[in-house]
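Enquirer: Let me begin by handing over the structure; questions about it come next.
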Amino acid sequence: MLDLQRLRALHAVAVHGTVNAAAESLGYTPSAVSQQIAKLERETRTVLLERQGRGVRLTEDARRLAGTARELLGIVERAEAELESRRGEPAGRLTIAAFPSAARGLMPGVLADLVAGHPALDVRLSEVDPHLSVGMVAKGAVDMAVSHDWDVAPATLPPGLARQRIGEDRSDLMVPRGHRLAGRDVVRREELAGEPWVCQPPGRVCHDWLVRTMRSAGHEPRVVHTADENPTLVALVAAGLGVAVIPRLGRGPLPEEVVTVPMEPVPVRRLYAVWREEAARRPAVAETVRTLRARWGRIAGEP
């Protein structure tokens, strides 16, 4: 009979791509993961990993076995959810991937609330870009994602996932002090034609929002600089190198060289908690969603 922990190690390598990343996700050492897979190779009398440069790759047999492992782990997850549901108390490990500004501005308070109220719950946070986190939930790499989409760029969920709205995060236009729009009470999107923009790189949710929004206003945004982190974007604006639309969550204090200007209509991104339907009965999932919504209400002043 195949050992479930060894199958879990193989599945983790298939999801994360490397032995080191798989070990980090499981809380093991890379050596322990390699040993688990070596034992699985002996049990199955099958080569599962092959050397590729400095790393390894899964053989075709390994990919097939990893697919079966995913199905088995889903069954185990449903069984664990059933038992936890019958006990009625949040317990066990819950892994969460949150996008950077949520990891900074929302999750510390959420984690503190969960730790204080539920000592049997072991919550682990990873900071992950939103264009990756939902896929990680679907693959079983994490239990939950705190993700977002924009009003003009709604996201769709892969099959087998469920989500709950956390709240809405408003954004502001940021311009250098002395900019022609710095003293305005409100700016419409049509007035931003020709402005140099700083934003996240192509493929990121915020970049897609900017392109769609400005095109809908009748012009193509002129992106001159890109950066992953909002603090970097703020620094570029402060240096007079462009304008940006940046959400309020996790933004922090702004330098004197940057002025915020309200936009009309107000850019809004919607925050969600996402999890696998198989885990929907876990009290840990329900309590984490409740805590996310309650903490967001305190941050945003929502009822």
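Enquirer: With just the Cα atoms of segment 4-149, tell me how far they stretch along each of the three principal axes, in Å, largest first.
Expert: 47, 35, 27
Enquirer: If the chain were replaced by its equivalent ellipsoid, with semi-axes equal to the square roots of 5 times the Cα gyration tensor eigenvalues, what would those be, largest first, whole Å?
Expert: Ellipsoid semi-axes (Å, largest first): 41, 23, 16.
Enquirer: Probe radius 1.4 Å, ligands and nucleic acids left out: which of Leu236, Leu271 has the largest accessible area, and how do the rest follow?
Expert: These residues rank, largest area first, as Leu236, Leu271.
Enquirer: Additional query: Please give the residues of segment 62-102, grouped as numeric ranges, whose backbone N is less than 14 Å from a label point set 7 Å along the Cα-to-Cβ vector of Leu2.
Expert: Counting backbone N atoms under 14 Å from the label point, the list is 62-76.
Enquirer: Mind pulling up the Rg/Rh value for segment 168-220? Radius of gyration and Kirkwood radius, both on Cα.
Expert: We get a ratio of 0.95 for segment 168-220.
Enquirer: So how far apart, in nm, are the two label points at Asp61 and Asp129 if each is 7 Å from Cα heading toward Cβ?
Expert: The modelled label-to-label distance comes out at 3.6 nm.
Enquirer: Which residues does the label zone of Ala120 cover in segment 270-296, counting backbone N under 11 Å from a point 7 Å along Cα→Cβ?
Expert: Of the residues in segment 270-296, 283-284 have backbone N under 11 Å from the label point off Ala120.
Enquirer: Would you mind telling me the share, in percent, of accessible area of the chain contributed by carbon and sulfur at probe 1.4 angstrom?
Expert: The value for the chain is 50 percent carbon and sulfur by accessible area.
Enquirer: Can you tell me, using C-alpha contacts under 8 Å and at least 6 residues apart, the relative contact order of the chain as a whole percent?
Expert: 23 percent
Enquirer: What residues from segment 198-231 fall in the zone where the backbone N is under 17 Å from a label point 7 Å along the Cα-to-C-beta line of Glu191?
Expert: Label zone hits: 214, 217-219.
Enquirer: Another one. In whole percent, what relative contact order does segment 48-180 give with Cα contacts below 8 Å and a gap of six or more residues?
Expert: RCO, segment 48-180: 20 percent.
Enquirer: For the chain, what is the accessible area per residue in Å² when the probe is 1.4 Å?
Expert: 50 Å²
Enquirer: Please find, in a Gaussian network model of the chain (springs between Cα atoms separated by less than 10 Å), the residue of Ala112, Ala98, Ala22 whose mean-square fluctuation is greatest.
Expert: Checking each option, the largest mean-square fluctuation is seen for Ala112.
Enquirer: Take Arg170 and Arg93, extend 7 Å from each Cα along the Cα→Cβ direction, and tell me the distance between the two endpoints in nm.
Expert: 4.1 nm
Enquirer: Over segment 149-258, what number does the Rg to Rh ratio reach, with both radii from the alpha-carbon atoms and Rh per Kirkwood?
Expert: With Rg and the Kirkwood Rh in hand, the quotient comes to 0.99.
Enquirer: Let me ask something additional. For a Förster distance of 45 Å, can you work out the FRET efficiency between the beta-carbons of Glu264 and Glu77, rounded to the nearest 0.05?
Expert: After rounding, the FRET efficiency stands at 0.50.
The values are calculated or read from the model by the stated rules, or taken from the named source; none is laboratory data. As the structure is a prediction and not an experimental result, all values here were calculated from the model. Cβ sites come from the backbone with ideal geometry, for glycine too, and all protein chains shown count toward neighbours. Note: accessible area is taken over every heavy atom of the protein model, side chains too, but ligands, DNA and RNA are not part of it. Shrake-Rupley method; radii C 1.70, N 1.55, O 1.52, S 1.80 Å.
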